[in-house]
Amino acid sequence: MNTDSAAHRGAGREPHPFAGSRPTTGGPGRRTLLRTALTGATALGAGLAAAGPAAAVAPARGTSARPGTPGEAWRELVAGNRRWRAYRERHPHEDPAVRQILTTGQHPFAVVLGCIDSRVPPELVFDQGLGDLMTVRTAGEVLDEAVLGSVAYGVLELGIPLVVVLGHQSCGAVRAAVEAEQSGERLPAHIQYLADQIRPAIDHGEEGDARIDATVDANVRLVRSRLVAEPDLAARIATGRLAIVGARYELTDQGVHRLV
């Protein structure tokens, strides 16, 4: 996908580029109710759009299509992170016209499973806007049934072609898990659950801060491997309709690099 198109460079705001492109999921009729619930009531949304300013906005020349393949989706994220690192963010798809368009449905192109850390909001570090990403955030990217269901929903119901497991430098949840294992201390309340989930990823080949840093990467790989092993997701990976990648965000230079 060409993220530096004339449509992006043009002055003023433009309709959401993915609003008119609906993926074909091939799902059975039983999914219709769920999909309708997530995307909104089409009839009501259409009425709002007709009454509001969005109805008067024509699609801009050169508007890009929704990334439809895993490779296109990843390249869009990479381009957005490049803008973020260079302090040239576009903050796309936030204007009133886009908000009206999105009342009729959503067609995000990636699921990002990231940490709850306040310094790593996916929409900002990838310079994306409303309707672009479906984000799931837990401390240390820890999986549970709700998280698995949320990721599966985006992939199976909305036809999203890319899932990114996004870890980050100086992850507090990883540090807590590593230090709790070393000390034998039991963490408060539900925090212990997080440490228990991260513990299998702890890299015992390193010491001190290096162990924590290495475990950040190992934890991303572990979470990704668990997602890849999910049968419904694996079936889509096998046909090339889905990719699940691991990546890491560096607080020091704001860059995202792919791990696997």
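So the values come out like this:
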{"read-out": "Single condition Asp232 does not satisfy, out of (1) open to solvent by 20 Å² or more (accessible area, probe 1.4 Å); (2) within 28 Å of Gly68 (Cβ to Cβ); (3) among the charged types (D, E, K, R); (4) in contact with a strand residue (DSSP E or B) (Cβ under 8 Å, 6 or more places away or on another chain)", "value": "(4)"}
{"read-out": "Residue match in the stretch 215-231 (condition: of a type in the set (Gly, Ala, Ser), at pLDDT 95 or above, part of a helix (DSSP H, G or I) and within 22 Å of Pro161 (Cα to Cα))", "value": "yes"}
{"read-out": "Breaking point among (1) over 17 Å from the mean Cα position of the chain (by Cα); (2) open to solvent by 40 Å² or more (accessible area, probe 1.4 Å); (3) of a type in the set (D, E, K, R); (4) under 17 Å from Leu113 (Cα atoms), for Glu206", "value": "(4)"}
{"read-out": "Lone unmet requirement of (1) at pLDDT below 95; (2) crowded, with 19+ Cβ neighbours inside 10 Å for Leu44", "value": "(2)"}
{"read-out": "Hey, Ala214 small (Gly, Ala, Ser), within 17 Å of Ala247 (Cβ to Cβ), open to solvent by less than 40 Å² (accessible area, probe 1.4 Å) and over 20 Å from the mean Cα position of the chain (by Cα) or not", "value": "yes"}
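The values are calculated or read from the model by the stated rules, or taken from the named source; none is laboratory data. Worth saying up front: this structure is predicted, and the values here are computed from it rather than measured. Virtual Cβ from ideal backbone geometry, glycine too; neighbours counted across all protein chains shown. When the accessible area is computed, the model is the full protein with side chains, heavy atoms only, and any ligands, DNA or RNA have been set aside. Shrake-Rupley method; radii C 1.70, N 1.55, O 1.52, S 1.80 Å.
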